[in-house]
Amino acid sequence: MDREGKEKQKKEGFSVARMLEERGVSRRDFLKFCSTVTAAMALPATMAPKVAQALDKVQRPPLVWLEFQDCCGDTEALLRSANPTVGELVLDILSVDYHETIMAAAGHQAEANLEKTVKEFQGKYLCVVEGSIPMKEGGAYGCVGGKSHLARARQVCGSAAATIAVGTCASYGGIAAAAPNPTGAVGVKEAVPGATVINLPGCPCNADNLTAVVVHFLTFGKLPSLDSHGRPLFAYGKRIHDNCERRPHFDAGQYVEHWGDDAHRKGHCLYKMGCKGPATFHNCPTQRFNEKVSWPVAAGHGCVGCSEPQFWDTSPLYRRLPNVPGFGIEQNADKIGLAFAAGVGGAFAIHGAMNALRKDKDGASENQKDGEE
């Protein structure tokens, strides 16, 4: 769609639902999309009609996507999103006015688009930031269009209705902030303290979570509930360990001891191989990646804790967690299998003893009745 068409839509106030209808999306598919994002937001299914009702009315918000110190991994994840596809996301749900990787404009024309959006839609547009922001030397370690990343972030994020920091770099500084952090890399919230920021950490961010945050904002007019790290609770409210498909093997004391061993091939728990699932909060096991086909642990590699602050410095990839908060038994993983077996054996022993006592009691009662007769 050309720029003239987009301007016409903005002036006429086309809603998200109207845009989908204009592009030939059936009402059935629209409601299916609403149900999908409702589930992603961890809302009850009964909320799907409310989401649909809101999107029937709300206009597509302008969105600008900034890239700073990053590997472009979050954009790559966006380009591979499947529900909705990136085409649906860009053309139907949002009005993406600036994104260096996918926009047709370049150079001064691209920068003019950004300046125009910031000026005309001040306080109304959404901003997505990918990558960390270098603070040292006044932000001299990164610039676009003659402006430092720091200056650009303060200008654009500071004027947005809300800023979504996608990926661990934008959320906490990421790999660029690893010791000794030569550029003074930080996350968006630290660089622009006055901005309204929601963090979607992960390497990369799951595009489903991004869509859910945008739809939540459009539906309720505010960001979802956040945890202490500024992350939405619907996506980061539970530990990976709680929903991991290998959790039954952990409980049974069945662990991978060496890469490629028989336990590894059978899909046993990766805790001993350094999996950080017990200390990492994210919905990877339920949302997954690549059209929900898989995720790292399902593919045979332990969680590295990439959605947690300072994971790059504080948790060596293949070293077992020494002390997991709230899981005292995990500190002695070598004995959990024996404890589990002993517990089951004890339960059967108690059950057998109770049955024996019951039979003895019943037998005594019968004898007493026979004597009375």
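The values are calculated or read from the model by the stated rules, or taken from the named source; none is laboratory data. All values derive from a computational prediction rather than experimental measurement. Note that each Cβ is placed from the backbone with ideal geometry, even for glycine, and that neighbours are counted across all protein chains shown. Note: areas computed on protein heavy atoms with side chains; ligands, DNA, RNA excluded. Shrake-Rupley method; radii C 1.70, N 1.55, O 1.52, S 1.80 Å.
Quick rundown of the values:
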quantity: Spin-label model distance (nm) - residue 290 vs residue 179, 7 Å beyond Cα toward Cβ; calculated: 3.5 nm
quantity: Å³ per residue enclosed by the Cα convex hull of segment 240-314; calculated: 93 Å³
quantity: Label-point separation in nm, residue 264 to residue 103, each point 7 Å along Cα→Cβ; calculated: 4.6 nm
quantity: Accessible area (Å², per residue) of segment 140-288, counting only protein heavy atoms and a probe of 1.4 Å; calculated: 36 Å²
quantity: Distant-in-sequence amide H partners of residue 197 (H built 1.01 Å from N, under 5 Å); calculated: 163
quantity: Pair residue 314, residue 53: separation of 7 Å Cα→Cβ label points (nm); calculated: 4.3 nm
quantity: Spatial separation of Cα centroids for segment 256-319 and segment 157-172, in angstrom; calculated: 26 Å
quantity: Peptides 225-237, 120-132 ordered by average Cβ neighbours within 10 Å, highest first; calculated: 120-132, 225-237
quantity: Efficiency of FRET between residue 46 and residue 299 - r from beta-carbon atoms, R0 41 angstrom, step 0.05; calculated: 0.75
quantity: For residue 304, distant residues with modelled amide H under 5 Å away; calculated: 276
quantity: Fully extended contour minus Cα-Cα distance, from residue 113 to residue 251, at 0.36 nm per residue; calculated: 44.2 nm
